[in-house]
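First up is the structure itself, then whatever we jot down about it.
Please treat every number below as a calculation from the coordinates, not as lab data. This one's a predicted model, so the numbers in the text were calculated from it and none came from an experiment. Cβ placement follows ideal geometry from the backbone for every residue including glycine, while neighbour counts extend to all protein chains displayed.
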Amino acid sequence: MEQNINLNNDISLSEGIHNLNPLYGMSREDLLSNLSSLDIIPNKQIPMRIKQLWNWTYVNGVDDINSMQNISKPIRDKLQDIYTLHRPKIVTEQKSSDGTIKWLIALEDKLGNSSGNEIETVYIPDGKRGTLCLSSQIGCTLNCSFCFTGTQKLVRNLSTFEILSQILIARDRLDDWHKNNLNAQRKITNIVMMGMGEPLYNFEAVKNALLIASDGDGLAISKRRITLSTSGVVPMIERVATEIGVMLAISLHSVSDEVRNKLVPINKKYPIKELLKACKNFPGLKNSSRITFEYVMLKDINDSEYDAKKLVKMLEDIPSKINIIPFNPWPGSEYKCSDSKQIKKFADILNNAGFSSPIRRPRGSDIMAACGQLKSSSERIRSNKIINEF
Ligand code: SF4
């Protein structure tokens, strides 16, 4: 049975936080220059205080500066006048019969003031593995025709703290902080940037958030357990390796430009040949560090044996893994999922050619939390600003 919980009243806002800056999401360097300019802590103490602030924030998960017991009360008081650890509010929490959880999160333009914008974040438990799927934008500009999120126009990019807050909120709700479970296996073991939006259209904020998520003194999630998925923003792909260092996934979904132009329209700008060239040149690519290609199975569109054989040929010199995703239908979608026999046949061709090609079990489809099903009801304002940057 799916469960829906309305948490609107659960997390009430503290008085007077409206003009405070979020403490999380700031790099050590930014925090250093910020604290130096504020003159509230003696300069000599600042590096030590930053270490303490990060530890309370990312290891212990406190949401109140006043709980930072190894920082003196006068300094805590001054910090509280400037910073906050307040998280955006969860509006609803939906739990699927398979254990998947989807949170609808209300964003605030200035902390405490609701902007009316919402995003979705999904937690997918699977044995010892727990994957958190993060959003990078409100809506998306890319209109992939198989994706529900693509029907919601872009409202805006998320900030670093809004991206990071999704992890903090999930850890709060799952009681997954170090302080509470010193020796326990972490519930969130993996992060995927596969929620709402194209992460490479919001590169700086995504990069800063993932660098804190993977920092040993930050949320300490290994870069090998963080995957950034792109629809194929070719000029930015190399920077995923050189500036962030996380794993790469490509939403491929077709072996021909003609079909991919319709499924993933950014293909008109960066066709398959250019995309594969960027993948081949992806720094650090090797068998132990492969690119994941996502391939959604659409009946009579991209699921023939010919498609499978062509895919084998296309990826033969790229260390890769292929995730086969049975299509998750959504209201108004023009596609159907391929028959299970056809999906199996397709996967067998890839497996026999030596590719790891698991068929992904649909997760959370009863709460519309499966791949390509996320969409918030935020105001739909098309912004061309970001599209024009590329
Ligand atoms: S698949 Fe990704 S890039 Fe394409 S519309 Fe959906 S969210 Fe945007």
I'd like the orientation of helix 340-352 relative to the chain: the angle between its Cα long axis and the longest Cα principal axis, in ° from 0 to 90, rounded to 10.
90
Going residue by residue through segment 84-98, the Karplus relation 6.51 cos²θ - 1.76 cosθ + 1.60 with θ = phi - 60° gives ³J(HN,Hα) values, rounded to whole Hz and with x marking Gly or Pro, of 9, 10, 4, 9, x, 7, 7, 8, 9, 10, 10, 10, 7, 5, 8
May I ask for the angle, rounded to the nearest 10°, between helix 160-174 and the longest principal axis of the chain, with both axes built from Cα atoms and the value confined to 0 to 90°?
90
Here the FRET efficiency for ASP81 versus LEU32, based on Cβ atoms and R0 = 22 Å and rounded to 0.05, is 0.70
For segment 28-45, Karplus couplings with θ = phi - 60° (6.51, -1.76, 1.60), whole Hz, Gly/Pro x:
4, 4, 5, 5, 4, 6, 4, 5, 5, 6, 7, 6, 10, 10, x, 3, 4, 7
So what are the ³J(HN,Hα) numbers for segment 189-201, from phi and the Karplus equation (6.51, -1.76, 1.60; θ = phi - 60°), rounded to whole Hz, Gly and Pro as x?
9, 9, 10, 10, 8, 9, x, 6, x, 9, x, 7, 8
Relative contact order (%) - criterion: Cα under 8 Å, at least six apart; region: the chain
17
For ASN21, other-chain or 5+-apart residues with amide H closer than 5 Å (H placed, Pro excluded) are TYR83, THR84
Find how much the distance from LYS73 to ASP215 grows on full extension, using 0.36 nm per residue of separation minus their present alpha carbon separation; answer in nm with one decimal.
48.3 nm
In segment 263-302, which trypsin sites (Lys or Arg not before Pro) fall in coil by DSSP and have 16 or fewer other Cβ atoms within 10 Å?
LYS269, LYS299
In the neighborhood of ASP339, defined by Cβ-to-Cβ distances under 15 Å, what is the net charge if each Lys or Arg adds +1 and each Asp or Glu adds -1?
0
Going by alpha carbons, how many degrees (0 to 90, nearest 10) lie between the helix axis of 305-314 and the longest principal axis of the chain?
60
Going by how many other Cβ atoms sit within 10 Å of their own, how do ASP303, ASP217 line up, fewest first?
ASP217, ASP303
Under the rule of at least 5 residues apart or a separate chain, name every residue whose amide H is placed under 5 Å from the amide H of GLU108.
SER115
